[in-house]
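Derivation of every value follows stated rules applied to the coordinates shown; laboratory data play no part. Just so it is clear, the structure is predicted and the values come from calculations on it, not from any experiment. Here Cβ is always computed from backbone atoms with ideal geometry, including for glycine, and neighbour counts include all displayed protein chains.
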Amino acid sequence: MENPRPASGKDSPASEKSDGNGSLGRGSRSDFSKAEGNGSSSGGGSSTPSWLLIVLILVIVFIVLNNPFKAETMVDFHPWFTQQVAEDNVKSLVIQGTKARGQLRKPTNFTPPGQGVGREIDKFSVYFPTEDDQKEIVKRLQQDRDPLTGKERQFVRIEGEAPPDRSGLMWATLLLPILLMVLIVWFMMRRARDQFDGGILGSFVKSPAKRHDKSKQRTTFDEVAGLESAKYELQEIVEFLKNPEKFARLGGRIPKGVLLVGPPGSGKTLLARAVAGEAGVPFFSISGSEFIQMFVGVGASRVRDMFKTAKENSPCILFIDEIDAVGRIRGAGLGGGHDEREQTLNQILTEMDGFSPNESVIVLAATNRPDVLDPALLRPGRFDRHVTVDRPTKKGRLEILKVHTRNVPLADDVDLEAIAKSTVGMSGADLANLVNEAALIATRQDKDKVEAADFEAARDRVLMGARREEVITEKDKRMTAYHEAGHALVAWLTPQADPVSKVTIIPRGRSLGTTQFIPEEDKVSYSESEIHARLAMTLGGRAAEKLVYNDLTAGAANDLKQATRLARMMVTQWGMSDRIGPVFFQSSEEHPFLGREMSEIRDHSEATARVIDEEIARILRAADEHAYSLLSTHRNELEKLAEALIEREVLSVKDIEELIGPRAGDKEKAVSTSTNGQASRASAGYVDGEARTAAAPASTGDGPPLHHGEGE
């Protein structure tokens, strides 16, 4: 049984679209587009002097003249050259030491060694193997008749030249590196007059924040759907910047910082882009990770540069995405503090509300880890407002779907309201991915419009994973069918459980089979009876295997993991154990690398830990026995569902109703009838009570609709 991981959302660090002209640094204070667009490196540096270019050109010319391009072709002494001498085809010869270059009377074909194709040449150069060979060739060329054939030889002009003097090239080779090093040192000293203000290190310590370009694609608040409360908070900031007198009339002051908090994909960065599109003031964006560098002090210098430039463009908005990368709790984590990160954070704290407070720069930040942020960063005066950007409700999902389907041709059978109802727990990024997947599926099938079946297939792909084209044995297929039928039947017969949406034994993702549950409505709390129903449904697959095969498999490992986690939360955090009572015990799963301490002091004794373990085991055994009893009583229905799954592989709600009848009563009736009979309630593990919590008690918190699949 497996819960899918929520799709990665649009909340990843993505800075505002810019034309690359808005690098926020001291060299670009007055006009960002000009500073970066003209290609200048940093402020204060001059262009390369013309005399330096002249020197370089002269050096290159000198090297070329001392290494002239030779038109002669290097030939073999034997047999090609000796053959030309024998045939009296050498017209002239100039000897320079052991090397000679000459000209032929008539062009002759020469094939270089290792090449199959030759070419005709009339000029050549050749090396004499020995001094005797040289003397022999010269003597032969100077004779009037060939001593071998007796034929009269034509006159050959023979000249001697001293070997070329390479001392100039040698001196150039030795002096050129020295000259270049001197020029580099001079250039560095000239630029180092203020190395951190336009000098050689200027670009390294400058802030990489980008200025939003309104001429590019704009995002407005009209394109942000389903986040009305968050939009209201940010719209007020934009209005304050446009008309500060309206708020200052009664003594109000502009908030210094707004922190957007929410899960990944909920739309935090999208809201920031909307602020950039709506604001009538300069808007700069940067990622928190861009401050952290290998050298200590660089991040703090970038913060100073960023705020200095922002102040010069004030009033303005500065957006820091994923601020938890730099704003984590100081002095915590593996190995203690982190000098570079802490110095950078200290500089941010000082710039936002230090000895010289800043009243003209509003800092807008986003994070999905508010628990690891330093308390000094969260206090009023720095981040005055904390805006929660949660996953959208049904109404919000409908509006988001309308936004993302504006440019998608939809068929008449597409019901966006039904899709919004069936996507409980999805974020805005998940819904955008759903629409995109549906469009891709329709495109692959050469359809003109996106149909409801495409959205259904896209939802399965997003929530349950891609279909795996693999062949499983008949035994595994039947066992998987009973496992998934057990999940579905227990949920179908338990009114407090979430309704079954679909059952399939088609391998998807990492599971061999999947049972999908979709709540009838958005929930912010679960009652104790609903949680017990969730536990019984979770263990229904394992109970079905035990009932049918009198044996257990490893496929229920994920089921047990989810059930154990849920039962532990019931005992230690929700006060749903009579033996433990209404007590909250911390059970942290934080990692030291995420800004937490290496270890935490346990807030309960060994005896209490033993009681907690006993209560968890009792709750799980009660849920397992209830599921086994329910399936034993309805064995015929279990067989029907399993056989139908083996035959069809996928069962919808309508199919299940046709096989085993309607689902057992609604939840209100079930809650009212469950108050009868304390003994039966205790034996089944169902106890009255409400578990009020902001997160659903599923294994993935407030994630997408539940999917229970048998693992491999």
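General remarks:
- The label point for Arg379 and the one for Arg565, both projected 7 Å from the Cα toward the Cβ, are 3.6 nm apart.
- Chain lengthening between Val281 and Glu469 when straightened (0.36 nm per residue, less Cα-Cα): 62.3 nm
- Using a Förster distance of 30 Å, the FRET efficiency for Arg253-Val583 (Cβ separation, nearest 0.05): 0.10
- Distance (nanometres) between label positions extended 7 Å along Cα→Cβ at Thr633 and Ser652: 3.1
- Ranked Tyr628, Tyr482, criterion: other C-beta atoms within 10 Å, fewest first: Tyr628, Tyr482
- Under 15 Å from a label point set 7 Å out along the Cα-to-Cβ vector of Thr388, the amide N atoms of the stretch 508-552 belong to 523-526.
- Taking Lys and Arg as +1 and Asp and Glu as -1, the other residues whose beta-carbon sits under 12 Å from that of Leu434 total -2.
- Label positions at Glu239 and Asp613, each projected 7 Å from the Cα along the C-beta direction, are separated by 5.9 nm.
- The residues neighbouring Gly381, those whose beta-carbon lies less than 9 Å from its own, together hold a net charge of +1 under the Lys/Arg +1, Asp/Glu -1 convention.
- Local net charge near Ala466, Cβ-Cβ under 11 Å (Lys/Arg +1, Asp/Glu -1): +2
- Extension gain, Glu312 back to Lys447 (0.36 nm per residue minus Cα-Cα distance, nm): 43.2 nm
- Normalised size of the stretch 365-493, defined as Cα radius of gyration per 2.2 N^0.38 Å with N residues, equals 1.47.
- Which listed pairs, of Lys421/Lys640; Lys231/Lys421; Lys421/Lys477; Lys394/Lys640, have C-alpha distances above 25 Å, in listed order: Lys421/Lys640; Lys421/Lys477; Lys394/Lys640
- Above-threshold pairs, the threshold being 21 Å between Cα atoms, out of Lys91/Lys151; Lys268/Lys449; Lys475/Lys561: Lys268/Lys449; Lys475/Lys561
- Computed over the Cα atoms of the stretch 246-295, pair by distinct pair, the Kirkwood hydrodynamic radius stands at 14.0 angstrom.
- Efficiency of FRET from Cβ geometry, Ala162 and Ile57, R₀ 35 Å, rounded to 0.05: 0.75
- Calculated FRET efficiency for the pair Val94/Asp144, C-beta based, R₀ 22 Å, to 0.05: 0.55
- Cα extents of the stretch 394-459 along the three principal axes, largest first (Å): 31, 20, 19
- Rg to Rh quotient for the stretch 75-160, alpha carbon positions, Kirkwood Rh: 0.95
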